[in-house]
Structure formats: C-alpha cells, structure tokens
1. If only one of B:Val856, B:Val872 is touching a strand residue (DSSP E or B) at 6+ places or on another chain (Cβ under 8 Å) and either at negative phi or of a type in the set (A, V, I, L, M) (or both), which one is it?
2. One residue is enough: does the stretch B:392-408 have a residue meeting the conditions farther than 20 Å from B:Met290 by Cβ and polar (S, T, N, Q)?
3. Search the stretch B:749-807 for residues being of a type in the set (Gly, Ala, Ser) and within 50 Å of the chain's Cα centre (by Cα), and hand back the single one that is nearest to B:Glu831 (Cα to Cα).
4. I need the full set of residues from the stretch B:839-891 which are small (Gly, Ala, Ser) and free of Cβ contacts under 8 Å to residues at least 24 places away in the same chain, in order please.
5. Name the strands (runs of 3 or more DSSP E) wholly inside the stretch B:713-801 in which the number of residues that are touching a helix residue (DSSP H, G or I) at 6+ places or on another chain (Cβ under 7 Å) and away from chain A (no Cβ under 13 Å) is 1 or more.
6. Answer with yes or no whether B:Gly113 is closer than 23 Å to B:Ile513 by Cα, touching a Pro at 6+ places or on another chain (Cβ under 9 Å) and either open to solvent by 50 Å² or more (accessible area, probe 1.4 Å) or modelled with pLDDT under 90 (or both).
7. I'm trying to understand the selection: among the residues of the stretch B:926-958, which are in contact (Cβ under 8 Å) with a residue 60 or more places away in the chain, buried (at least 17 other Cβ atoms within 10 Å of the Cβ) and part of a loop (DSSP other than H, G, I, E, B)?
Amino acid sequence: MTTLENFSLKRSLLYRCYQQQPVALTAEIDPGQLSLHDFSVKLRYGFRGPQAHTVLSAAQIAVPSAANNLCTTASGELVLRLSNTEYWLLHPQAGKQQTLLESQSTEQCYSLFCQDSHAWLVLAGPNIARVMAKLCAVDLRESAFPRGAIAQTSVARVNAIIAHHSFGDNAVFSILSDSASASYLWDAIQDAMQEFKD
Amino acid sequence: MNNLQRLKEPMGSLIERDRPVTFSFEGQSIVGLAGDSIASALLANNQWLISRSFKYHRPRGPLTMAGQDANTLVQLGGEPNVLADNQVIGAQMQVSGQNYSGSLESDRDALLGHFSRFMPVGFYYRSFFKPMGAWEKWEGFIRKKAGLGVLDLEAKPEYYDKEYLFYDLMVVGAGPAGLSAALKAADAGAQVLLVEEQRLLGGALSYHRFDIQGQQATSTLSSLVDKVQAHQNIQVMLSATCNAWFTDNYLPVIQDKRLFKVRVQECIVASGAFEQHVVFRNNDLPGIMMCSAASRLMKHYAVKPGQRAVVLTGNDTGYLTALDLAEQGVQIAAVVDMRESSLVSELQAAVRDAGIEVLCNSTVYEALATKGNKHVRAVDVRKISAPGEVASQARIIDCDLICMSAGFMPAYQLLCQAGGQLSYSDDTAQFTLSNLPAHLHVAGSVNGVHQLEQVIKDGQRAAGVALHNLSLGDETIEAVTCQSNHNYHWPIFSHPKGKDFVDFDEDLQAADIVNATRLGYRDIQLVKRFSTVGMGPSQGRHSALPTARLVAKATKRTVTQTGITTARPPFVPEKLALSAGRSFNPVRFTSMHHRHIALGAQMIAAGNWRRPAYYGSVEQREQAIQSEALQVRNKVGLIDVSTLGGIEVRGPDAAEFINRIYTFAFLKQPVGKTRYAVLTSEQGVVIDDGVACRIGENHFYVTATTTGVDQVYRQMLKWNAQWRLNIDVANVTSAFSAVNLAGPDARKVLQKLDSDVDLSIEAFPYLACREARIEGIPARLLRVGFVGELGYEIHVPSSCGEALWDLLMAAGKEFDIKPFGVETQRLLRLEKGHIIVGQDTDSMSHPGELSLNWAVSRKKPFFVGSRSVDIVMAQTQTRKLVGFTLDAIIEQPKEGHLVISGDDVAGHVTSCEYSASVGKCIGLAFAAIGDSQPGSSISIRVDSGALVEASVVSLPFFDPDNQRQEL
C-alpha cells in the first residue's frame, strides 16, 4: 500500500517544464542570476472567515495589520493577508506535505485550497521588477512595491497574487496563480526573462 | 559629392567617418557612413530622387530630414513605407523607391501629372459610380494604382512585445525645453523618463543656429546633455516615439520592436514645432526643403545640401540658415524674405555683411525644374503685391537648393488628444494651447516660446508645476513670455498652372482645397474628408495650417473661426505588430494532460481548457468515438473531467443558500447524497447545471459546467452580497482533478485499489457521494450517471490527479480499460437524453422547454429566476426539446440545422450522432409543440437542402429504465 507520504503521488503540474532546468526545483537562489523556481509542492494553506484572525492568533501566528501585506514568522513562514478575513500561510522551507482535505474548517474559519488551486512560482535575481513589467500592469519596483507588499492582479492575463518578500538575503517575488494555467504562465515568465539572462 | 566630400567636423554629429557602410538603392550599390540615414547617404551620393508622389508620381526628395513627411517613403526589403530620413543604413540593406511604373528615374505614370486638371479632388467619388457597372470596370485599374509599396506576403513573424514603465514624470521631447524640464525635476528628486523621437538629445540645439555667432546652441547643448546623461534620476529613451496621450497620463511609447505602456503622474510635452513650407508652384521638387532640413543635413550628417541656394523665409530662421550654409561653402544666391523687412536688423546686417543679397517683401512664385522635374534649377522671384498675390515682373535666379521657412506649427497632436484647445491669432499668426488636463503640461516652442533663453525657462517653469503636483517643490511659478514671431501670415502663392502643393502626401494643390469649399464643404473636417488633406502619413503636420488659411479665405472667415482638423492617436503610423506582439492567450491544462497526449488524444478547446476529444488519428475519428463508446457500454472507460467546475459552499446557511440558488429542493438533501442542480437566470432561462453533493450538514460541493463555472461563481457571490447568508463560497475548480470511471466493470476496477470506502451497491448506491482515500489520495467519490453506466466520478487534489489516472489505468488493465474523450462522452450522454447546457439550450430555454420540470421545486418559496420561470412556463409553449431518430442511411443532420414546420422554422437540431448502441442516428432538436409528442415526425433541412423526416421518440434512447447506471 502506498501512503500519502509517498510523494510520487503528489506532483507539481509544472514538473515537465523544467526537466532541463533542475535549478527551478531547488530553493537555492543565486542573487546574481535571474531565475524562476517552482515551489508548487511546498506546503501552503489558507483560511478565510470572520474567525480566521482569531484562529491564527490562537496558534501564535502573527498576522499583518492590513490587507495586501505579508509578514514572516520566526520559522520562516510567510503570512499573507489577502483581505480583512483571508490569510494564506506559505512554507518556503518546509518539506512536509499537507493534503487538501486535511485542513479542517471550523465555524467561521474555512480552510482554503491554495495548495492545489494555485501554483507557487518564485522569481528571483536582478531585474525581477522589469521582467514582471512585461507581464503585469502593476508597478512592482521596490519604491512602489516594497518587501512585504502584495498585489492581487493579472499576470499575462492570468489572475495572480504577487508577494514581494525576502528569501534568505534575497528579495524575490512569489507568484501564486491558477495551477491549471501554471505551465502557460511558466512559459510566459521564461519568455519575459530571456533578455535579462546572461 | 561623395563621402570624401563630406563637410568637416564638427559637422556630422551622427556619422562615423571611418566606418563606411554599403547598401543598395534601386539595385545600385551606395556607400554611406555608419550613422547615416538612408536619405543622407543617398544625398551624399548625389541621389536626390528618393521616391515618387502618391497621385501624380512626381519626383520627391527629402523635405524635413526628420521623418515628418511622406516624401521619403521607401521600400526596405519586404517592408514598405519606411521613412528614409529616419531609417539608419545597415550593411546589405536593399532599398528602393516606391510608387512608380517602370523605373524610379523613368516613371511612366509621371504623365499623370499632365492630366491633373482632369483629376480634381474628389473625382474618384464622382467619376466611377455610373453608369451602372462602371465601377466593376474601373476597380481593377484603380486598385492596381492604389497603395504605396509592396507587402511581403511570405514575411516571417518577428518578435514584438510590450512593457510597462512607471515614473513620476515623463518629458516628451529632448530639446532645450525638455532637457531643462527633466533636469529641474530630477534635481528635485523626481524619477524622470525623457523620451526623444530622434537619435540624439538636444532637439533644435543639435542643428539650429540660435545666434549670429553660432555659439549659443553648441555651448547650451553640451551643458544640458552632459548633465542629463549623468543624472541618476533621468532615464533617457532615444529613437522613441510617444504615440498618444490617454487619460491619466497613460502614454504608449514605441521604441524599436517594443511598445512601452508608460504610466506617470506628471507629463510635460516639449515636442517642439514643425517648420512650415511655403506654397508656390513646384514647391515639391527635389532640392527644395525646410531650412531645418538643410541644417540637419549639415550638422547631423555633414552633407552639403547644395551648391547655390535661395533661402525663402518669413522669419529670422532663414537668415540663420543662410549663415550656416554660407559657412559650409554653399553660395547663397539670395535670401528672399516675405516680410517687408527683417525684424532683427543686426541679423539682416550680418547676412548682408556675408555678401548675401536680401530681397524683402518678395517670394518665390515658381521653382523651375530640370528635365523630368528631377531637381530644382532656378526660381522665379517676385515682389509680393498683396497677401497671396505677386507682381508680374519676375526675376529668375539660378540655384540647386531652396530652403524655406514660413513659420512653425506647434507639435500639438498629443496635447489635443488630451483635450487641449489649439487657438490661432489671426493678427499675429501665432498659436496658443489651452484647456490642458491636470498633470499635463507644455513647454518650449510647442507652447509658442522660441527664444532659447525663454525656452529653457519655460521648461523649468513646467517642471516647477509638475514638482508642485508631486509634492517635491513649492516655488512660485512665473509665466514665461516670448516676443519673437516666427510665423508669416500668408505664405501661400497660388499659381494658375497649379502644382502649388499644400499637402505633399496626397498631391493636393491650393486649388484643390479651394474647390472643395466651392462644392459646399465649408467645414474644415468635411474639407479634410472630401479632399483627403491631412490624411496621409504626415497627418497634416504641414498641410493643416495652409488648409485652414485657404478654407478661411474661401469661406470669408478667419482661421480662428475655421479651426484645424482634429488630432487623434496614433501620432505616427504604428505597426500592427506592436499591438499584436506577444499577446497573452492563457491556456489551462488538467493534471492528466500529458497522459492524454502520450495516449494519442486529439485535443480540443473547451473555453481556455484543453480536453481530449478522442484517442486516435484524425482520419479514424468516427471509428475511435464509436469504439470508445462501445468500450464504456460493454467494459470500462476512463475520462478526464477535471475541467468541470467545482464550488465549495460552507457554513451554517449552506443548505439555505443552495436552495435559493438552484431550482431543486436542497434543504432536506441527506448528507452523502448528490442531487441534480439546475441554475436559472433571473429571466427564467437555464444557464447552467451540475451536481450538488452534500459533504456535511453545512458543506456542499457543487459541480458546474466547464465554461459556466466562472459565471456561476460570480452569481453566487453577487446573490450572497445581497442575502448576507452565513456561508463561504470558494471556486475550487483548479484545486480538484477528476475522472469518471464508467462502465459495467467500473466497480471492479476501483475495488482493485486500496481504499477506505465500501463500494457495494448497498453501501454506496447510485447518487451517493463519499469522502475516501484511494491509495492514500484523499478523494471525493460521486456515483452519477451522465453517460448512463455504472460510474464513479472521483475528485482528488489536482496535484494527485496524474497519479490517480495512472493508478486507475493500471488497475483497469485486466479489464481492458480504455480512455475515452469528450466527443465520446457527448455521444454517450446523448444516448441517455442528457442535455448539455449551452449546446442543447439557448438564451430562451426555460425548464419546461427542456423537460426539466422534475428538477424545479414548486414547494419552496424562492429560487433565483423562480418568478420568471413561473411566468414563462405559464404561457402557451411554442417549442420543446425532443429526441428524434433517423435511419442511419439517411443524410445525417448537423447541429444547427433547421427544423421546418410548414412554412415556419420551428427550431433547430442541437445534437445529432450515430449511435451504434441504438443502431440509428439519434439527436435532440427544438420542435414545434404540436410535433413534440413521441410518434410525431419533424422535418429537418440538411446541408444538401433536402428535408429529412425524423421520428420523435421518448427519451432516453438507450437503457430506458436506467438500470445500467444503478447497478
């Protein structure tokens, strides 16, 4: 019998896109190189509802004070506040897996399905704002979109959440977007990156 | 002249003298210098004839040397209408002229010019429409003559794309006003984008002489450019055109093959002004150009524009140009000043001191041409006797160059696109701009300021206003005024023999404009449309003002009363590739997509999803579908249904919400059961359907159609914004992958896998739903019967979808499991008489027409559309969706074929397939209500035009007792 711990059952919808680019699957970021990474299989979960803030607070998870902002916990989790009542928790370093249906909803605090509904891409390195300027109408330059900011917008005509945050010592964009469109978006971002690559 | 005879430095700021570049023009090898434009390289090689005019095929050479006119449109390889005075030469370029018959030098169609009196403006509209049938005879000839250049129909697409840019301030134009504005704003901390259409910074500073000594421009240019280039807050874009102004300073800028979509808080337009020509006979000959063009040729390209020049001017610019020309060795035959005397006496004195004759109150009445109108050879100069009129006595002056300057027209296009009002003073012949929107500012000569010191101050003034708006400055802003007058009030000298061109693009002469007014087109906009003046590539840059003057005079009004034509985007011709390039067309793949590809599926679009239609070759389509259908009926098949919409509804009011949204009753739906869910619009029309699964007391998982789920989700959010029920609604379509395992052996296949659900008929009956784990994968299992067989819809997290497919295909191997596609599923569900919303329904279909009365609860007080459903179903029904059959040998109807009842169209076929299981063609169609009972027949008009008789039958076509799906 296989179990859920058998990771071969759980696959990023993107894995064929970067079979020739192993760096894409790693969390090792070279700050001197523009790179795109697939974090889709990394743990994330979300909660929404009037009691979501209370539930997270009870779990000793600090949350941003306003929507469209994020903060980082001591353990490296990213806490994204997407609205007054919606929070996503991203674990860029975590390796363990979370299942869709294991996140139990409680009254007034409903678990979301971001682990599977959204792919998680990370764009890192120099010129990331210019790369995104070829795909997205929001000003993502550091001066207008500092670390800790979130934009819920359209990237290459696909709905996306863009989070600007630190990963190690590097500033990166996490892009959370429709998992079914992920390979399309992967190609679109790769195409936009070409002129900035060595 | 050749490259060895180029003018000495500092002339030639754009060329590299030690880098020759060879290209071809009209098949002849031409050697230019790196940095040359095509036009400058040709002129350096004494090739003045560059192209032919649009209508009369007259020889044309450079007019502006700034890409502001259509005189130098050439064919560059496969690309027509390239501006030769802008395009930089490259090695091996293949350049040719345009619009000639025979050769550029010897154009047979040049004879057309002799018949110009028979081709007055508007003659197209009035000449070819009668007698009846005349157009058909003329059309081929006219179409052959129409258009410029040759399209390469074999051209390969090139990479064009787009990019957003964001700045505090954008300055359009890097002349002295733009440079000073950018510097002041950047010094105050603003992030500035400086956009310049030309290849170098400086604008007029780079070619124009501002003072008698000729020192002022050089020193000012050096100072400003050095500071701008060193400034960290200024981003410079050269060879970039701001092609429009849109609301809130949304500014498209074109540079090379990229369209930049610029968003700025403040915008300063310092676009300069277009030098204007003088209207006289033969004013279009090669060798006649703007004063600024001659200056650009010398300063930018070190090309001597002629040997002996006449400068025709209505302002001081001509005098300064004459000084420049003389310094570079051009003999100045005369400065012909249309004014009674030069306004700056020292300037006139300086010119006379240089030995140049000055003829005041005079004009060029006619330019005399060499053979074939190839070049100017002399001018007929006459005294001006009245505005637009000359004395009879002529003085012929030999020359090979005429430089002219009638004045300057603001480059107002972007500003007028923004709603700015361009006003003209009939007294001073000057323009002013007003009514600009907030955050859009104007500076420099486009603002009517021409004196260099004032231009620089005006740029700083505009920057000051912008900085104030950006909260980066609070200094007092003082207005800048300018006393100089650059515009001569009537530089139009019509000639009885014509060829006194107002619009070079369209070969429009002064009489053409006047004649348009005589035909009743008094409004300037009507004159434009009737005569096509200003509609060519230069978009009225030089023709708008003389046209306004001519119309004003002809209609006995002032220019102010007449106005000028409207400026609309784009500012310069814009390649469609810039808009089309790198367009985004999102496509969605299920987690099992690559398994389908590996199995040979033919993929089709379903919205932006890609789904397998069937598995096999296109040639074997029908066999593949029939084979897959029989496989499901007889054994077991597997279809990817991940594209089905999925919506989670959770919360204490979930059942109440579902009950209000859908037509059926859901309040008492047991947990663990599914129920068919029909959604009607407020108009009572069926707009979607799916299955509502009650996962828990306060938890529903609802499916929706592939292309309808977004609409359903929006509707749910909209309604609950009003109802305020205590629920959460989430669109989880992409979160779940799903398959339908269907066929008599479906249970056996599923039992092969390790799961924690009892699959027996007793424990898991038809229409039940269960949460379970299959080989450890969390899953939702639904026993539904869309294809009419024992089946399980299995919904799993999308990250596990591919693994689930693999597991089921492996488990089903011993049962000969086969995948089946959407086309097969359409046939299978048709056999069961199940409708597809959108295919078997239209925008008028209510539940009664679709025989869905059973799915509408009459006991509950409300559902969305209930009132309308009651109304439309209470009315006399006129049509109904019915099942029909035909003998297989009859021509098969297709979807959309009409159902004919007597003389009327009663409806149309919505689905029709051949069913091997039924042994007939089966289908669904809207039929007249009188023909809707089983046993009736309906007439269907098929492709051949024949009427095919079909029998109306009861549904379903297959397994009428629905026993198979309930096994």
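1. Residue meeting the stated conditions: B:Val856.
2. yes
3. Result: B:Gly788.
4. B:Ala874
5. B:736-742, B:791-797
6. It is false that B:Gly113 is closer than 23 Å to B:Ile513 by Cα, touching a Pro at 6+ places or on another chain (Cβ under 9 Å) and either open to solvent by 50 Å² or more (accessible area, probe 1.4 Å) or modelled with pLDDT under 90 (or both).
7. B:Leu955, B:Pro956, B:Phe957, B:Phe958
For (1) buried (at least 24 other Cβ atoms within 10 Å of the Cβ); (2) at the interface with chain B (Cβ under 7 Å from one of its Cβ atoms); (3) out of contact with any Asp or Glu (no Cβ under 8 Å at 6 or more places or on another chain), each residue gets a yes or a no:
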position	(1), (2), (3)
A:Thr106	no, no, yes
A:His118	yes, no, no
A:Ala133	no, yes, no
A:Ala137	no, yes, yes
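The values are calculated or read from the model by the stated rules, or taken from the named source; none is laboratory data. What you see is a predicted model, and the numbers here were worked out from it, not measured in a lab. Heads up, the Cβs are rebuilt from the backbone with ideal geometry, glycines too, and the neighbour counts pull from every protein chain shown. These accessible areas exclude ligands, DNA and RNA; they are computed on the full protein's heavy atoms, side chains included. Shrake-Rupley method; radii C 1.70, N 1.55, O 1.52, S 1.80 Å.
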